[in-house]
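Please treat every number below as a calculation from the coordinates, not as lab data. Nothing here was measured: the structure is a model prediction, and the numbers come from that model. In this analysis, Cβ positions are derived from the backbone assuming ideal geometry, glycine residues included, and neighbour counts consider all displayed protein chains.
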Amino acid sequence: MPAETKKLSNEPVNGQRPVIFGTAGHIDHGKSSLLKELTGVDPDRLEEEQRRGMTIDIGFAFLNENIAFIDVPGHEKFIKNMVTGANTIDMALLVIAADDGIMPQTREHVEILNLLGIRSGLIVVNKIDLVNSEWIEMIREDVRQFVRGTFLENEPIHCVSTVTGAGIPELMATILQKAELFERKNTTDLFRLPIDRAFIVKGYGTVVTGSVISGELHVGDEAEIVPLKIRTKVRGIQSHGKQMDNVRVGHRAAINLQNVEKDDLKRGYFLATPGYFRPTRLITCKIELLPSVSPLKYNSIVRVHVGTGEFIAKIRPIGRDELLPGESCIAQILFDEEISVGFHDRLILRSYSPAATIGGATVLEVFPEPLRKKESAKANEIGKLIADDLFVCAENLFLLHPGRLFSPLNIAQALSISESLALNLLQSLSDSKKIVSIKTGFVSASEIPAMKEHILEILTQFHQKNPILSGQSKANLLAEAKLSDEMADWLTNELKIENKITNSGDKWRLSGFSPILSGKQSESIQKIESALIVGGFMPPDLTEIREKLNLPEDEAEPLFTYLTDAGKIVIPERNLAFHSDTIGKGRKLIAGYLDEKGEATVAELKELLQTSRKWVIPLLNYYDRIGLTRREGDVRKLKG
């Protein structure tokens, strides 16, 4: 990137923080000429724009080192480009021509700015040289009525002429004053820049431009193109036409990147801090419809403006078949392609055809689970994530997912904050007894009693259904409780410390529980044991035993499990069992033989046990598993 001799600090100039103003207004109301008058720069950079005298794409101009302007097109055909520019501004400059007054794109632009959450700006009545003073006063009154109820309601109105220069000095003074007093809403500490242009500079490579919406970036930093997950390194930075060592939120910037192809990039992609913004096709939002539009039906196809990009998606309101004009609700948005968004990003919704602004959305979940239309209760819980306070949002995130173990990185990605800030949040939540630390993660403290009770209820029901079994396997308990391994391990350990449950190996049971056998079951168990003892190393299979004892399968299986849990029998493979006495006898015989011979083939061990291949192979495999023997080619040797 070409270097400038003068290097600027990223510190505020005369106490002024970086601010980006964006124009808004109808076509031919003088937005571009106004910026040219203010800055000396023509924001219409395209040849076609200059030839036609009309802004087509977004343009840029700079008042000083810390004040930038984004100029947007006013024609209805280029609303998409207007949203691209408006999505990254801090304050609005609404321009209304005195001879035209309030026009359709004036209204749509103000609606878009409102939906994007713009909170400050000023109003310019332009072209006053074309009308008389009485007309100007009438226009001022119309404008004041028009902006009532919007963020511009109490903002100043300046009447100017870019032809005569009337009112320009006063407007300039107000812009400087508002920029100096501007207080940006808290943003994430992660760097993000929505890409609005990408091009090649000969000798330097790929350059991307955009407005920094959060965080800070330095020359030499690593960054990531999302949603492409392309890692890159910053070779150089320019801001407001000057070479910089770093840029931060509120700056327009051109970033020279390593190892990135210009053709891989497009509007809608972001340059961001690596590792936090994962690709997704599904997000959960709070959406609101404008009062003047048609109802939005479930699965409606719309255009969604994310950052500087426009994407096609389906809108799925939760808990309703359609959303009525002027209403808001929680909805999921399913995109046709992978995108990247941040927590609390503002989006603009436009109808698919004909394209018109219909509403806006605020991102609440960046990596959600798909919701069914009827899950309105879950939607109400998700709605609590709209809170401005990150502490409250983090707490609600835990309550939204009871039993889920969150790592610091999980919280960081969900809230679009750095891992260090996530750790601070988690520490505060832990100090407030809102969450509990469990090994590598955290879980909601308020949910732990319910989760413990759930495990106890599962075991209670298991014992009622299976009174002769010693307990429930960990795998089945975990699946039924719908808990992660780590969460289940911690909960069962806590319950064990509280003397509410106990375990034998992999089987968990309520404390004080003992298997209860009926007289018929005790008799059947004795017969099963007897059959296996008599069978020795060639026992009858379990089906034969069951049929001989005339036991239905649902009665026999618990008996076999009981004997296995009690250590009376071993089932080395499906439908085949040996009595534990036989297993012990075989162990001694094989250990003695191999100790003397060193190794033995299957045929030799088959002869040793006086059995056949049908039984000896499963038996030898069992001895391999428990560590008595090891297989080397066609022979067995003692392990150890």
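At-a-glance table
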item: Tail fraction, Cα-Cα pairs, the chain, threshold 36 Å, whole percent; result: 56 percent
item: Which of Tyr204, Tyr623 has the fewest Cβ neighbours within 10 Å, and the rest in rising order; result: Tyr204, Tyr623
item: Candidate aspartates and glutamates for bridging to Lys314, where Cα separation is under 13 Å - those fewer than 8 sequence places away on the same chain excluded; result: Glu322, Asp336, Glu337
item: Relative contact order (%) - criterion: Cα under 8 Å, at least six apart; region: segment 192-272; result: 40 percent
item: Relative frequency of Cα-Cα separations exceeding 18 Å in segment 192-272, percent; result: 28 percent
item: Principal axis dimensions, largest first and in whole angstrom, of segment 536-634 by Cα; result: 46, 23, 21
item: Among 141-153, 397-409, the order from most to least packed when residues are scored by Cβ within 10 Å on average; result: 397-409, 141-153
item: Farthest positive-ward along the chain dipole, Cα basis, beta-carbon charges - from Asn424, Ala591, Phe199; result: Ala591
item: Mean Cα-pair separation over length for segment 280-383, i.e. relative contact order, pairs under 8 Å, 6 or more apart, %; result: 37 percent
item: Coil-residue trypsin sites (Lys or Arg not before Pro) of segment 451-487, DSSP, other Cβ within 10 Å capped at 16; result: Lys482
item: Qualifying aspartates and glutamates (Cα of each under 17 Å from Cα of Lys496; at least 8 residues distant if same chain); result: Glu453, Glu457, Asp485, Glu486, Asp506
item: Average projection area in nm² (convex hull over Cα atoms of segment 280-383, one quarter of hull surface); result: 5.6 nm²
item: Out-of-range pairs (alpha-carbon distance over 20 Å; input Lys31/Lys242; Lys465/Lys520; Lys465/Lys507); result: Lys31/Lys242
item: Sparse-neighbour loop sites [trypsin sites (Lys or Arg not before Pro); segment 533-598; at most 10 other C-beta within 10 Å; DSSP]; result: Arg574
item: Net lengthening on full extension, Asn503/Ile458 (0.36 nm per residue, minus Cα-Cα); result: 14.7 nm
item: Among Ser376, Gly360, Gly342 - extreme Cα towards positive end, dipole of segment 280-383, charges at beta-carbon; result: Ser376
item: Within the chain: Cβ-based charge dipole about Cα centre, in debye rounded to nearest 20 (Lys, Arg +1; Asp, Glu -1); result: 1720 debye
item: Set of lysines with alpha-carbon distance to Lys588 below 20 Å, sequence-local pairs under 8 removed; result: Lys568, Lys597, Lys606, Lys637, Lys639
item: Mean separation of Cα contacts under 8 Å (6+ apart) over length of the chain, as relative contact order %; result: 8 percent
item: Size of electric dipole in segment 546-638: Cβ of Lys, Arg +1 and of Asp, Glu -1, about Cα centre, debye, nearest 20; result: 280 debye
item: Summed residue charge, Cβ within 13 Å of Gln472's Cβ, Lys/Arg positive, Asp/Glu negative; result: 0
item: Cα-based radius of gyration of segment 388-516 once divided by 2.2 N^0.38 Å, which approximates compact folds; result: 1.21
